[in-house]
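The values are calculated or read from the model by the stated rules, or taken from the named source; none is laboratory data. Owing to the predicted nature of the structure, the values given are computational and were not obtained by experimental measurement. Neighbour counts run over all protein chains shown; Cβ positions are idealised from the backbone, glycine included. All accessible areas refer to the heavy atoms of the entire protein, side chains included, with ligands and DNA or RNA removed. Shrake-Rupley method; radii C 1.70, N 1.55, O 1.52, S 1.80 Å.
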Amino acid sequence: MTCFTFVVDLSADRPSGGSTRAIQVTAVALAGALVAGALGGCTAHKPAVSSSRAPTSRAVAVNPLTGIRPAPSGPVVAVKLDDTAAGRPSLGVDKADVIYIEEVEGGLSRMVAVFASSKPRARAVRSIRSSDPELLGQYGKIIVVASGGGRQALKVLDASRLHSVVNDRGQVGFTRDPSRPAPYNLFSNLAKVSAAVKADGVRNVGFTWAARDPRLAAASPARAVSTQVGFTRVSFVWDPALARYVRTVDGRAIVTANGAPVAKPNVIVQYCQIKADPNDHDVNGNPTMFTKTIGSGEVVLFRGGKRIAGTWSRPSLEAATTFKDAAGKPLLLAPGGTFVALVRPGAPA
């Protein structure tokens, strides 16, 4: 009888999110099966030990913002983008790894799109708000791109660890499209910004990724998602062909200027304390909203056309946000990126 010896090298770089243990369990199971099949007189031969190890293939790190390999190189860039009909069609937002939708003033919403996997041209770039440095503090010393901001918002931004790139200050990467009205025509070339500013790369901000989640079998169906950010209705529809939630307005898919749907495999509705910031106003004197993303609250995850409720917590500025189900186990996101709608307590989901 012929015997086979398998050597499993677990010393290589390990993917995040518990993959190392999965590799170890698989290796043990495989070895057990081979031993069982070899019973009946087969004698295993111990492999020769060499002082010079042959090179082994090294595992490719996973992008903690999408759960997909490989981990991107270069800095992370967050861009403040318009989220109104006047600013559509947008450009580049479909390539963001994470898209936050937040309340500003007058019941309107804006987006904070976080880019690591791709650095496209993005439009329409809008102004920073005083709560954005708190939201983005969990990402580390990343780049934040904005058109400008109120005095208080810029003061808070400058006091943070973030690297600001602001059009009103004449910084790198901005152009305007003369065929569109201001302020909805401002572009940022994120490749130029990334090349010009030294900043942090990707880090874990609390997302746990898994291709499958057994809890989905018993979860409530949710092929359409509707919530409210300020006075703005924010909706998504599950597209089985894309295996993504497509963002919609009045039942129609939102697409970019290139025709790409704005879609992600996951939608997180995160309930936060949102209050008017008396120190920050827009150009018309309206107080802007401050969304507290440090603290804790309820959360609902939508993936695979299903709905799982839980809680979120984040103890400090630099800490990641933890998402758990009702039993205290991590909520598992489908690899590929995420929408995060930051809403008031009591908003529908």
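Which condition does Val205 not pass, out of (1) assigned to a loop (DSSP other than H, G, I, E, B); (2) open to solvent by 30 Å² or more (accessible area, probe 1.4 Å); (3) among the aliphatic types (A, V, I, L, M), if it passes all the others? The failed condition is (2).
Take the conditions under 21 Å from the mean Cα position of the chain (by Cα), on the phi < 0 side of the Ramachandran plot and modelled with pLDDT of 50 or more and apply them to Pro64. Does it pass? Yes; evaluated as a whole, the condition is true for this residue. Checked against (1) part of a strand (DSSP E or B); (2) open to solvent by less than 10 Å² (accessible area, probe 1.4 Å); (3) under 23 Å from Arg247 (Cβ atoms), Val165 passes all but condition (3).
Scanning region 237-270 for residues that are open to solvent by less than 40 Å² (accessible area, probe 1.4 Å) and among the basic types (Lys, Arg) returns Arg247, Lys264. Report whether or not Thr338 is open to solvent by 40 Å² or more (accessible area, probe 1.4 Å), of a type in the set (Ser, Thr, Tyr) and within 20 Å of Gly67 (Cα to Cα). Here the answer is no, as Thr338 does not meet what is asked. Tallying residues that are assigned to a loop (DSSP other than H, G, I, E, B) and farther than 20 Å from Ala347 by Cβ within region 231-250 yields 4.
Restricting region 256-308 to residues that are outside any loop (DSSP other than H, G, I, E, B) and touching a Cys at 6+ places or on another chain (Cβ under 9 Å), the residue that is nearest to Trp238 (Cα to Cα) is Gly297. Considering only region 210-254, state which residues are among the aliphatic types (A, V, I, L, M) and out of contact with any Ser or Thr (no Cβ under 9 Å at 6 or more places or on another chain). If the condition is that a residue be among the aliphatic types (A, V, I, L, M) and out of contact with any Ser or Thr (no Cβ under 9 Å at 6 or more places or on another chain), then Ala210, Ala211, Leu216, Ala217, Ala218, Ala219, Ala222, Ala241, Leu242, Ala243, Val246, Ala253 are the ones that fit. Residues of region 271-320 that are open to solvent by 60 Å² or more (accessible area, probe 1.4 Å) and closer than 30 Å to Ala241 by Cβ: Arg307 alone. If the condition is being open to solvent by 70 Å² or more (accessible area, probe 1.4 Å) and either at pLDDT 95 or above or in contact with a helix residue (DSSP H, G or I) (Cβ under 8 Å, 6 or more places away or on another chain) (or both), then region 150-162 contributes Lys155, Asp158, Ala159, Arg161. When Leu81, Leu108 are checked against the criterion of being over 13 Å from the mean Cα position of the chain (by Cα), within 27 Å of Arg180 (Cβ to Cβ), of a type in the set (A, V, I, L, M) and buried (at least 20 other Cβ atoms within 10 Å of the Cβ), a single residue qualifies: Leu81.
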